[in-house]
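Report on the following structure.
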Amino acid sequence: MAKKTKKRVIVSGVAHIHSTHQNTIVSFADEQGNVFAWSSSGAIGYKGTKKKTPYAAGLAAAAAAEEAKKFGLKEVDVKLKGIGPGKDAARKQIEVSGIIIKGIEDVTPIPHNGTRPPKKILKRRKA
């Protein structure tokens, strides 16, 4: 007989919203970074070009928020990453679902110098 696992109660956590041009992934983690609820535009049934819409991102955030509420989540810090169109829609949907947002932070990686440019090739002229 399998052991019965005790349900964790997580009151405060972090909501990560990763928004790309193709998809939006919303995940909820505790203070230590252990993910306990997640959803994405593709996971809720949208495929192809419909995945990238803000509407699909909002539905993904709502699905993840409802799953997170089962763990007793009340308040979150939101971390936004990426440049996709569903970033704000997902954040607003978390707020509408009844979870209190303590703070919002943009953690999109920005290159400060970038990679080295390619070597210049000298073209010889025929004389």
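Only the coordinates and a few stated rules stand behind these numbers; no lab work does. Everything numeric here is computed off the predicted structure, so don't read it as measured data. All Cβ positions, even for glycine, are placed from backbone atoms using ideal geometry, and neighbour counts span all protein chains on display.
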Practice problem: Just subtract the alpha-carbon distance of residue 43 and residue 9 from 0.36 nm times their residue separation and send over the number in nm, one decimal. | Solution: 9.8 nm
Exercise. Taking the chain as the reference, fit the longest principal axis to its C-alpha atoms, fit the long axis of helix 87-96 to the helix C-alpha atoms, and give the angle between the two in degrees, 0 to 90, nearest 10.
Key: 10 degrees
Exercise. Beyond 17 Å, what share of the Cα-Cα pairs of the chain is found? Please give it as a whole percent.
Key: 60 percent
Practice problem: Note down the magnitude of the dipole of region 1-125 about its Cα centre, charges +1 on Lys and Arg C-beta and -1 on Asp and Glu C-beta and zero elsewhere, to the nearest 20 debye. | Solution: 1000 debye
Quiz item: Say the dipole of the chain comes from +1 at the beta carbon of Lys and Arg and -1 at that of Asp and Glu; which of 89, 121, 23 then lies farthest toward its positive end?
Solution: 121
Quiz item: Of 7/102; 50/79; 52/120; 51/120; 3/70; 79/119, which ones are farther than 29 Å apart at the Cα?
Solution: 52/120; 51/120; 79/119
Quiz item: Distance from the Cα centre of region 35-87 to that of region 109-127, in angstrom?
Solution: 40 Å
Quiz prompt | Degrees separating the helix 54-69 axis from the principal Cα axis of the chain, which is the longest one | solution = 40 degrees
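Based on the mean of other beta carbon atoms within 10 Å per residue, what is the order of 116-126, 37-47, 94-104, most packed first?
On the way: 116-126: 5.2, 37-47: 18.2, 94-104: 14.2.
So the order, starting with the most tightly packed, is 37-47, 94-104, 116-126.
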Quiz item: For the peptides 55-63, 21-29, 75-83, what is the packing order when you average, over each peptide's residues, the other Cβ atoms within 10 Å and list the highest mean first?
Solution: 55-63, 21-29, 75-83
Quiz item: What nm distance separates the two modelled labels at residue 66 and residue 104, each placed 7 Å from Cα along Cα→Cβ?
Solution: 2.4 nm
Quiz item: What percent antiparallel are the DSSP beta bridges of the chain, to the nearest 5?
Solution: 45 percent
